[in-house]
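Below is one structure, written out as structure tokens; the observations come after it.
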Number of protein chains: 2
Amino acid sequence: MDKNLKSMTTMHRMQQTGLELFYKQGFYNTSVDDILKSLGLSKGAFYYHYPSKEEFFINIVQQLVFRKVYSMLIEPVEGRNNPLHAIEVCLDEALETAEHNTMDYGFVLANFINEFNGRNEQITKYLTDICKVWEVNLVATLQKGKTDGFVERHVDSEAVATYIISSYFGIRTLMVSGNKKVLRYQYIQQLRNYFRSLSPVVIA
Amino acid sequence: MDKNLKSMTTMHRMQQTGLELFYKQGFYNTSVDDILKSLGLSKGAFYYHYPSKEEFFINIVQQLVFRKVYSMLIEPVEGRNNPLHAIEVCLDEALETAEHNTMDYGFVLANFINEFNGRNEQITKYLTDICKVWEVNLVATLQKGKTDGFVERHVDSEAVATYIISSYFGIRTLMVSGNKKVLRYQYIQQLRNYFRSLSPVVIA
DNA sequence: CGTTGGACCGACTGCCTGGTCGGTTTCTCC
DNA sequence: GGAGAAACCGACCAGGCAGTCGGTCCAACG
């Protein structure tokens, strides 16, 4: 396993830099040479580790993008007691990260879905699968929230999940070229508003 | 003016085809030759009418994209009495169009904002300006709705507008690779839910 | 009928791209 | 310390790109 160590390290460095540049400039608009130059490596090194640019990207999606989405948006919500509150806090934190990131180019997943849509079915599938994991998890959490009395029983969990994901995709696109701070505040405020309509009526 | 007629016709054809391909494949992923080939025209014709690919695209944004957004999303809402209802109907119709379009690649505006973000400031500005027109119009309509008693007076119109735009951007991204019919239904259902939280409480 | 100019043609240039491949360095293990 | 494999180098190729430019076609006009 020791002999693999160097290889693993290089591959990991390539993936990191690759994701960074693909995210910043888009996949089709980033050349393999761009990545190599920024790493001080050569063509040979790249094609020694990866068979093609496309395969390289798929690796990045599975390794890095999925993990990112999971740790930022899925894990912090998973199985929490009060789902609406957990989701709100989670999304607010995600937006906070985006807000303070001067190099923000939108939600990675949404950006790539957009770019590959209609151009590469296979990659699109990998990306939408990540979405689906997120969605399934939201639905499960919401359903649990119903039995625990945190969510109105008549609400359509699938629809709520869709609506949450939609709004997050959208706000992240808006944030890249607007006042991040204000947008985040407005978004969370209205999300809370929306969530109120999903909560059981409290009889004071 | 008669001598301009032919020129105008050609330019218009170029813009139509240009938008179609840029929308389908992205700006950077569509070559000028692609457009020309699909029109049966030559390089000479293109550079006779437009100084550059970029300038060409800016023309398309101002001529076609703006009109499209205006006629589909702004005009049908503008100055309506019951704003929440008008917005709901308008977005539903917009999604219906998207649903029945087999060649749907998402919301034009959001796609382009995504693609040019961080790569071309000037174009990004043209695109976000269109967003702003939409937003301003939503806010105005909502404010009017307050005085007319259709919208709760304490709601933050700017925030609501932001939230509406976000969710629409997002659902259009999701629709390109999901069950359009279901997504549309879910979206409108939750939008209505959300809007309920903005309406004045009806004392039955 | 000759000339003029707007609309268009298409070969060409210089540059960049993904990918190949013969060769070199570095590591590992005997 | 030497052999063999793993990791990496960089010149090279074919194809695609935006943009150029000398030339052609043809309607309108005098």
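The values are calculated or read from the model by the stated rules, or taken from the named source; none is laboratory data. All values derive from a computational prediction rather than experimental measurement. Virtual Cβ from ideal backbone geometry, glycine too; neighbours counted across all protein chains shown. All accessible areas refer to the heavy atoms of the entire protein, side chains included, with ligands and DNA or RNA removed. Shrake-Rupley method; radii C 1.70, N 1.55, O 1.52, S 1.80 Å.
Residue check: is residue B:138 more than 11 Å from chain A (Cβ to nearest Cβ), among the aliphatic types (A, V, I, L, M) and under 18 Å from the mean Cα position of the chain (by Cα)?
On the way: more than 11 Å from chain A (Cβ to nearest Cβ): yes; among the aliphatic types (A, V, I, L, M): yes; under 18 Å from the mean Cα position of the chain (by Cα): yes.
In short, yes.
Please count how many residues of the stretch A:23-66 are of a type in the set (D, E, K, R), without any contact (Cβ under 8 Å) to a residue 60 or more places away in the chain and closer than 30 Å to residue A:95 by Cβ.
Start the filter on the stretch A:23-66 by keeping residues that are of a type in the set (D, E, K, R), which leaves A:24, A:33-34, A:37, A:43, A:53-55.
From what is left, the residues that are without any contact (Cβ under 8 Å) to a residue 60 or more places away in the chain are A:33-34, A:37, A:43, A:53, A:55.
Now drop any that are not closer than 30 Å to residue A:95 by Cβ, which leaves A:34.
The number of residues fulfilling the criteria is 1.
Name the residue, out of A:29, A:4, that is among the polar types (S, T, N, Q), outside any helix (DSSP H, G or I), open to solvent by 30 Å² or more (accessible area, probe 1.4 Å) and not assigned by TED's automatic domain parsing to the domain that holds residue A:67. Steps first, please.
Numbers: A:4 fails: outside any helix (DSSP H, G or I).
Matching residue, one of A:29, A:4: A:29.
Could you tell me whether the stretch B:67-87 includes any residue that is in contact (Cβ under 8 Å) with a residue 60 or more places away in the chain, in a loop (DSSP other than H, G, I, E, B) and either under 15 Å from the mean Cα position of the chain (by Cα) or within 14 Å of chain A (Cβ to nearest Cβ) (or both)?
Within the stretch B:67-87, one or more residues are in contact (Cβ under 8 Å) with a residue 60 or more places away in the chain, in a loop (DSSP other than H, G, I, E, B) and either under 15 Å from the mean Cα position of the chain (by Cα) or within 14 Å of chain A (Cβ to nearest Cβ) (or both).
Given the conditions (1) assigned to a loop (DSSP other than H, G, I, E, B); (2) away from DNA strand C (no atom under 14 Å from the Cβ); (3) more than 14 Å from chain A (Cβ to nearest Cβ), which single one is not true for residue B:41?
(2)
One line per residue, one yes/no per condition, for (1) at the interface with chain B (Cβ under 9 Å from one of its Cβ atoms); (2) of a type in the set (Gly, Ala, Ser):
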residue: A:99; (1), (2): no, no
residue: A:116; (1), (2): no, no
residue: A:125; (1), (2): yes, no
residue: A:155; (1), (2): yes, no
residue: A:162; (1), (2): yes, no
residue: A:166; (1), (2): yes, yes
residue: A:186; (1), (2): yes, no
residue: A:191; (1), (2): yes, no
residue: A:194; (1), (2): yes, no
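Could you identify the single residue in A:150, A:112, A:195 that is among the aromatic types (Phe, Trp, Tyr), open to solvent by 20 Å² or more (accessible area, probe 1.4 Å) and either in contact (Cβ under 8 Å) with a residue 60 or more places away in the chain or in a helix (DSSP H, G or I) (or both)? Spell out how you get there, then give the answer.
Working: A:112 fails: open to solvent by 20 Å² or more (accessible area, probe 1.4 Å); A:195 fails: open to solvent by 20 Å² or more (accessible area, probe 1.4 Å).
Being among the aromatic types (Phe, Trp, Tyr), open to solvent by 20 Å² or more (accessible area, probe 1.4 Å) and either in contact (Cβ under 8 Å) with a residue 60 or more places away in the chain or in a helix (DSSP H, G or I) (or both) holds for just one of A:150, A:112, A:195, which is A:150.
Inside the stretch B:19-38, can you point out the residues that are more than 14 Å from chain A (Cβ to nearest Cβ) and within 14 Å of DNA strand C (Cβ to nearest atom)? Show your work before the answer.
First, the residues of the stretch B:19-38 that are more than 14 Å from chain A (Cβ to nearest Cβ): B:19, B:32-33, B:35-38.
Result: B:32, B:33, B:35, B:36, B:37, B:38.
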